[in-house]
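Remarks on the structure that follows.
The values are calculated or read from the model by the stated rules, or taken from the named source; none is laboratory data. What you see is a predicted model, and the numbers here were worked out from it, not measured in a lab. A quick note on method: Cβ atoms are made from the backbone with ideal geometry, for glycine too, and the neighbour counts reach across all protein chains shown. Side chains included, ligands, DNA and RNA excluded: accessible areas come from the protein's heavy atoms. Shrake-Rupley method; radii C 1.70, N 1.55, O 1.52, S 1.80 Å.
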Amino acid sequence: MQFDRNFLSNETLIELYKKLLFPRMIEEKMLLLLRQGKISKWFSGIGQEAISVGATYALQPDEWIMPLHRNLGVFTGRNMPLHKLFQQWQGAEDGYSKGRERSFHFGSKEHFICGMISHLGPQLAIADGVSLAYKLKKQQKVSLAFTGEGGTSEGDFHEALNVAAVWDLPVIFIIENNGYGLSTPVSEQYRCKNLVDKAIGFGIEGVQIDGNNILSVYETIKGIREYCIQNQKPYLVECMTFRMRGHEEASGIKYVPKEMFEQWIEKDPIKNFERFLMEEGILTNPAVADIRNEIKQHIEQEIKQPLTPEGKIYNGSAGGNQINQRELKDIYAKRSTENKNIGSKYTESSGINIASQPDRKFEFPPSGDRGPLRFIDAIKEGLQQSMLQYPNLILMGQDIAEYGGAFKITEGFVNEFGKERVRNTPLCESAIVGAALGLSLEGFKTVMEMQFADFVTVGFNQIINNLAKIHYRWDQNADVVIRMPTGAGVGAGPFHSQSNEAWFAHTPGLKVVYPSTSHDAKGLLMAAINDPNPVMYFEHKALYRSITGVVPEEYYEVEIGKARQVRTGHDVSIITYGMGVIWATEYADAHPEISIDILDLRTLLPLDYKAIRTSVNNTGKVLMLHEDTLTGGIGGEVAAWIVQNCFEFLDAPVMRCASLDTPVPFNIELEKSFLAKSRLEEMIQKLINY
Ligand SMILES: Cc1ncc(C[n+]2csc(CCOP(=O)(O)OP(=O)(O)O)c2C)c(N)n1
């Protein structure tokens, strides 16, 4: 192995040596503890340390890194206190994830390390968002994301690199090519000669280097960092290395030919660098022994604190109920008090200055000077006012810029707010949701327009596993709103008509809102944007231009989590939301002989149980109505809650009126009989006559 010290001082070389040795020695200790049953799982990076250590050393400490499961050197490279890392790995309360996450699935805002999720690939697009934030703030910074060669087969790899290329983002993507993905050799993973060749396909630069040579890694990444900043471009680096242990400690290494180990042990990053430093006279045998001894002492000292005699994993002294209260509380980020009174006037609230922001020239008509607004215009106005309110609010979506979006909601926005803040995206929902999360890491807010709610399936993983869980996992919020043009009734067939709100209402950490009036459309959108948590905002396409309503001109919010009593009655309650509110109201208008109580849930997660209870109490007969299909819909959840909590008010079984359990058909007649509305009369009569 050839080392080129360039202009590095002896002190720097020794520091690098110590940084390289440190994770190795921690790992050796961890393997021991694993055998003693004091930790439960370990993913080893032995043999690959030069990559994490060299790359981290080449970055500034406040530049975000997105590490994976073999990157201990990133965590130690950022000088995270070792005792706290041990606490983390033990699942202790004082660890970085309060015992909620295992191994390396945690991050730390303080150290600019973004915690991975098991799915690997999604890390990459988060780096895009962080670098976009740097770019918008005109900061001279890069972000850096790791992937294994196995992870390059995921669509997320393609999407993230493509977005970085198209948006000219300063991101360093590092592939750690260690020969195997779990047990799959590279010959069964990809067909190209070198993974770095993929850079050409994305129109970006790339280089392949020896990942076991600490100086190559450090010097290369340092140079690439300069390149990325100066040219505002991404870069792909393929680091050739080898995994000296199993995928994780329990899985063994039988599938790896012995010769491979013999070959790669010769290329061990630490042994080789040590030999080089000795040959150069920079280190001596006694000096190496001293360094090892010093690190050993440090590890023993730090480990004492978390490892209790019984190897206790969690301090349950608080008691189950109290623990659960705390666990539930940490699902959502708290809204800061500072922006609670937002709306009294338009203020610069973020402190983030986006250069070249065009002059603001939105003019709202003077109070009382306008008629009712269409649903679509209310959404538009909510977005406009939020853009004025938050200079750090970015809109992203397919065709939302000059074209104005599939439904023209953002028409004219580019002229008013500029292309930096109103961003057309390539066709890649997953990477854009990931990028939105990256923006959030750097203090931005994002509203992403899903062109149709149906397309969320290809961004699902990022929403369910990254956005929703991140605050609970390591205290990082995802300040992202996803607009979901949803619903049927317009003859658009199975892939442009679905109601998929229930998928998200089942996911702790998300909020799900679904307005049914112009007033609520604007107010809930403002509230969603003010909320620091990920909010799924459902907007029914068939309501866009079919309903109007009085909408205050000023900035206001409709509180998330509060239902709306549409009308009060004593015969039967219809509990519903979205299009269901329109159907229920039409029905009630047409049947003045029945006294109907209508509750518009407005928020599906979290539900307003108090309002539900009141409505049940008003009538004793409840019909749950929604456009979504029957099985597994929100109606089932609400019905179960009512039966369990309001049984004494009931005079009949809770009934559900929902759409047919089929995909949404295209033919208008088929669609009509699919929709819940076609069974509303029948269900109400059934309930009344019970
Ligand atoms: C989406 C997804 N599929 C499968 C897995 C299971 N899994 C965990 S690690 C791994 C192999 C990853 O290989 P590579 O990216 O080369 O990284 P390495 O572990 O070799 O460092 C697999 C298949 C996973 N975590 N996520």
Open item on the list: If I stretch the segment between Gln322 and Lys41 completely, what's the gain in nm (0.36 nm per residue apart, minus their alpha carbon distance), one decimal?
Closed with: 98.4 nm
Task: Sequence-distant residues sharing a close amide H with Glu539 (under 5 Å, placed H) - done: Met484, Thr486
- [ ] Pick out, from Phe649, Asn79, Leu182, the residue whose Cα sits farthest towards the positive end of the charge dipole of the chain, with +1 on the Cβ of Lys and Arg and -1 on the Cβ of Asp and Glu.
- [x] Asn79
Task: Per-pair calculated FRET efficiency, R0 = 60 Å: Glu559 and Glu11 via Cβ, rounded to 0.05 - done: 0.55
Task: Cα pair distances in the stretch 170-279, grouped into 5 Å bins until the bin that holds the longest one, percent each - done: 2, 11, 18, 19, 18, 15, 11, 6, 1, 0
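Could you give the length gained on full extension between Asn617 and Asp62, defined as 0.36 nm per residue of separation minus the Cα-Cα distance, in nm?
194.2 nm
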- [ ] Hand me the GluC sites (Glu not before Pro) from the stretch 224-271 located in a DSSP loop with no more than 16 other Cβ atoms within 10 Å, in residue order please.
- [x] Glu248, Glu266
Open item on the list: Please identify the DSSP H helices in the chain that span no less than 30 Å along the helix axis (Cα) and have a mean Kyte-Doolittle hydropathy of -0.5 or more.
Closed with: 10-35
Task: Charge-dipole axis of the chain as Lys and Arg at +1 and Asp and Glu at -1 on Cβ define it, positive-most pick from Ile575, Ser143, Asn162 - done: Ser143
Open item on the list: In Å², and per residue, what accessible area does the chain have when probed at 1.4 Å with the other protein chains present?
Closed with: 39
Open item on the list: Starting from the 7 Å offset along Cα-to-Cβ, what nm value, one decimal, do you get for the label separation of Ile594 and Gln305?
Closed with: 6.5
Open item on the list: Accessible area of the chain with a 1.4 Å probe: how many percent of it is carbon plus sulfur?
Closed with: 51
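Under a point-charge model restricted to the Cβ atoms of Lys and Arg (+1) and Asp and Glu (-1), what is the dipole moment magnitude of the stretch 563-690 relative to its Cα centre, in debye to the nearest 20?
Here the size comes out at about 260 debye.
Which value, in debye to the nearest 20, gives the size of the charge dipole of the stretch 131-277 about its Cα centre, when Lys and Arg are +1 and Asp and Glu are -1 at the Cβ?
440
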- [ ] Return the calculated 222 nm mean residue ellipticity for the chain, to the nearest 500 deg cm²/dmol, obtained by summing -39500 (n - 2.57) across DSSP H runs with n ≥ 4 and dividing by the residue count.
- [x] -11500 deg cm²/dmol
TODO: Using the structure shown, list the pairs from Lys29/Lys267; Lys18/Lys135; Lys193/Lys233; Lys222/Lys445 with a Cα-Cα distance above 28 Å, or answer none.
DONE: Lys18/Lys135; Lys222/Lys445
Task: Candidate lysines for bridging to Lys677, where Cα separation is under 29 Å - those fewer than 8 sequence places away on the same chain excluded - done: Lys380, Lys408, Lys511, Lys522, Lys541, Lys562, Lys610, Lys621, Lys686
Task: Neighbour-limited loop hits for GluC sites (Glu not before Pro), the stretch 559-627 (at most 15 other Cβ within 10 Å; DSSP other than H, G, I, E, B) - done: Glu559, Glu593
Open item on the list: For a Förster distance of 60 Å, can you work out the FRET efficiency between the beta-carbons of Glu248 and Asp651, rounded to the nearest 0.05?
Closed with: 0.55
Task: Linear extension gain, Val490 paired with Lys408, 0.36 nm per residue minus alpha-carbon span - done: 27.8 nm
TODO: Show me 604-612, 323-331, 550-558, 478-486 ranked by packing, highest mean number of other Cβ atoms within 10 Å first.
DONE: 478-486, 604-612, 550-558, 323-331
Open item on the list: With θ taken as phi - 60° and the coefficients 6.51, -1.76 and 1.60, list the Karplus ³J(HN,Hα) couplings across the stretch 409-415 in order, rounded to whole Hz; mark glycine and proline as x.
Closed with: 6, 9, 4, x, 5, 4, 5
TODO: Please work out whether the stretch 514-555 counts as rounded, prolate or oblate from its C-alpha gyration tensor, where a ≥ b ≥ c are the square roots of the eigenvalues and a/c under 1.5 means rounded, while otherwise a/b larger than b/c means prolate and anything else oblate?
DONE: oblate
Open item on the list: For Gly206, what residues show an amide H to amide H distance below 5 Å, using hydrogens built from the backbone and excluding near sequence neighbours?
Closed with: Leu236
TODO: Rounded, prolate or oblate: pick one for the stretch 398-500, where a ≥ b ≥ c are the square roots of the eigenvalues of its C-alpha gyration tensor, a/c under 1.5 means rounded, and failing that, prolate if a/b is larger than b/c, else oblate.
DONE: oblate
Open item on the list: With a cut-off of 8 Å between alpha carbons and a minimum separation of six or more residues, what is the relative contact order of the chain in percent?
Closed with: 11
Open item on the list: Show me, for the stretch 445-460, the HN-Hα J-couplings you get by feeding each phi into the Karplus relation (A = 6.51, B = -1.76, C = 1.60, θ = phi - 60°), rounded to Hz, glycine and proline as x.
Closed with: 10, 9, 10, 9, 9, 7, 4, 9, 4, 4, 6, 4, 4, 8, x, 4
TODO: Report, by chain and number, residues whose modeled amide H sits under 5 Å from the one on Ser573, excluding near sequence neighbours (fewer than 5 apart, same chain).
DONE: Asp597, Lys621, Val622, Leu623
Task: Two-decimal Rg/Rh across the stretch 83-142, once Rg and the Kirkwood Rh are taken from alpha-carbon atoms - done: 1.09
Task: Dipole axis of the stretch 214-286 (+1 Lys, Arg; -1 Asp, Glu on Cβ), positive-most option in Cys228, Phe261, Ile282 - done: Cys228
TODO: May I ask for log10 I(q)/I(0) of the chain at q = 0.05, 0.07, 0.11, 0.12 Å⁻¹, from a Debye sum over the Cα atoms as equal point scatterers with solvent left out?
DONE: -0.28, -0.54, -1.13, -1.26
TODO: Between Lys686 and Gln232, with labels modelled 7 Å along Cα→Cβ, what's the label distance in nm to one decimal, could you check?
DONE: 6.1
Open item on the list: Cβ neighbours within 10 Å, averaged per peptide: list 280-287, 516-523 in order, most packed at the top.
Closed with: 516-523, 280-287
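To the nearest 20 Debye, how big is the dipole of the chain about its Cα centre, given +1 on the beta carbon of each Lys and Arg and -1 on that of each Asp and Glu?
920
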